[in-house]
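One structure below.
What follows is calculated from the coordinates using simple rules that are stated; it is not laboratory data. Since the model is a prediction, treat every value here as computed from it, not as a measurement. Cβ coordinates were reconstructed from backbone atoms using ideal geometry, including for glycine residues, and neighbour counts include every protein chain displayed.
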Amino acid sequence: MSITAQSRQPRRSPLLQDSGRTCREPATTVQRVQLRTELTRQRAILLANTHLSLLTDEEPEMHPDPIDQASTEFGQELAIQVRVRAFDKLRHIEQALRLMQTNDYGRCRQCHREIPFGRLSVKPDALFCVPCLTLIEQGAARN
Ligand SMILES: [Zn+2]
C-alpha cells in the first residue's frame, strides 16, 4: 500500500519547450495546470498595465500648431488602441479561465476537437484550432 516514488513523480515539461510529439496532442492534466498558471500570470500583468495606464492618463493637450495638435491626437489614438487591445486580451483570458472551470477549455469552438497543447502553450487563450482559425481568417479577408 505504499505509493511508489515513480507514480508520484511530477512530469516536468517546461511550458514553452515541449517536445514535438506532445505538442500535437491534447494537453494533459499537468499541462492544463501550467496553462492556467500562465493565463493567471498574463491576466495579472494585463490588469497591472491597464491600471497603470489609467493612472497615467493625462488631460488632452491643446496646441496652437496644427501639426503638434495632430501628433498629440495621433499619440492619444495609439494609446487608446493599445488599451483596447489589452482589454480584448484580458477578455479572452477571462473567458479561457472560465472555460477551465467547465472543462470546455482547450476545445475548438468551431470543430469541437481538442486544441493541441503546442498551440495552447503559445496562445493559452486560443478558442480555435489552427485549421479552423485559418478558415475563419480567410473568410474574414474575403469579406
Ligand atoms: Zn477546429
### Query
Mind ordering 34-40, 72-78, 95-101 by average Cβ neighbours within 10 Å, highest first?
34-40, 95-101, 72-78
## Note on the structure
Taking 0.36 nm per residue of separation between ARG109 and ILE67 and subtracting their Cα-Cα distance, the length gained on full extension comes to 10.5 nm
### Message
Could you sort the peptides 118-126, 106-114 by per-residue average Cβ neighbour count (10 Å cutoff), highest mean leading?
### Response
118-126, 106-114
### Task
Could you compute the FRET efficiency for PHE74 and GLU94, with r as their C-beta to C-beta distance and R0 at 41 Å, rounded to 0.05?
0.85
## Note on the structure
Taking r as the C-beta separation of ARG85 and THR29 and R0 as 35 Å, the FRET efficiency to the nearest 0.05 is 0.65
### Message
Suppose the chain between ARG142 and THR50 were pulled fully straight at 0.36 nm per residue; how much longer would it get relative to their current alpha carbon spacing?
### Response
29.7 nm
